[in-house]
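See structure below.
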Amino acid sequence: MAPYAQFVVMLWCSQWSRFFNDHALRFVVMGGLFLLYANAIFNLSTTASMKYTWFFFEPYLFVVLTWVDGALWLTDGQASLLYVAFTMWIAVKYLLFMAAVVDQITTFMGLRFLHVKPYKQN
C-alpha cells in the first residue's frame, strides 16, 4: 500500500510547483509513471512469491524537487530540466525492468523475442 500512498503524496505535493496550474497533467503523468513502475515490481514480487521491497526513493526526490521549485530556488529552465530528468529516470527504470522481465521469460520458454535470419550471399 505504500507506493499508492506515495503516489497520493506526490500528487498533493505537485501543487507546490509554479508549473502546476498550467501543466497539471504533466504532474499526473510523472506520478503515474512512478506508480506504473512500482506496480510492475509489486506484480512480479507477488507472482514469484518474493518479498516486496516497498521503499522507493523517487517520491521523496519528487517532494524535494517540488518544494525547491515552489521556494523559487531554481530558475524556470532549471526546474523544467529537473522535472524532465525525473520523468526520464522513471521511464528508463521501467523500460529496463520490463526488458529484463521479457528477456527472462522468453529465455526460460526458449522463445526468441527478436530473431534476425542469417543473410546468405550468392
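The values are calculated or read from the model by the stated rules, or taken from the named source; none is laboratory data. None of the values given here were measured: they were computed from a predicted structure. So basically every Cβ, Gly included, is an ideal-geometry build from the backbone, and we count neighbours across all protein chains shown.
Per-residue answers, yes or no, for (1) among the small types (G, A, S); (2) under 18 Å from A99 (Cα atoms); (3) modelled with pLDDT of 90 or more:
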| residue | (1), (2), (3) |
| --- | --- |
| N21 | no, no, no |
| V29 | no, no, yes |
| L33 | no, yes, yes |
| A38 | yes, yes, yes |
| I41 | no, yes, no |
| K51 | no, no, no |
| W54 | no, no, no |
| L61 | no, no, yes |
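Is it the case that the range 67-81 has a residue that's of a type outside the set (D, E, K, R), on the phi < 0 side of the Ramachandran plot and touching a Ser or Thr at 6+ places or on another chain (Cβ under 8 Å)? Quick ask: steps written out before the conclusion?
From the range 67-81, those of a type outside the set (D, E, K, R) are 67-68, 70-75, 77-81; that's our starting set.
Imposing the further condition that a residue be on the phi < 0 side of the Ramachandran plot reduces the set to 67-68, 70-71, 73-75, 77-81.
Next, from what is left, pick out any that are touching a Ser or Thr at 6+ places or on another chain (Cβ under 8 Å): 70, 79.
The answer is yes; a qualifying residue exists.
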Worksheet, complete the sentence: Going through the range 90-122 in order, the residues found to be among the hydrophobic types (A, V, I, L, M, F, W, C) and modelled with pLDDT under 70 are F113, L114, V116
Worksheet, complete the sentence: So, first residue under 12 Å from P3 (Cβ atoms) and of a type in the set (V, I, T) in the range 50-61, second residue modelled with pLDDT under 90 and not in a loop (DSSP other than H, G, I, E, B), Cβ within less than 9 Å, six or more apart or across chains; the pairs are T53/I41; T53/S45
Worksheet entry | Residue count for the range 89-106, restricted to those that are closer than 17 Å to M30 by Cβ, without any contact (Cβ under 8 Å) to a residue 40 or more places away in the chain and either exposed (fewer than 11 other Cβ atoms within 10 Å of the Cβ) or not aromatic (F, W, Y) (or both) | 2
Item to complete: Consider D69 carefully, then state whether it is among the acidic types (D, E) and more than 30 Å from M1 (Cβ to Cβ).
Response: no
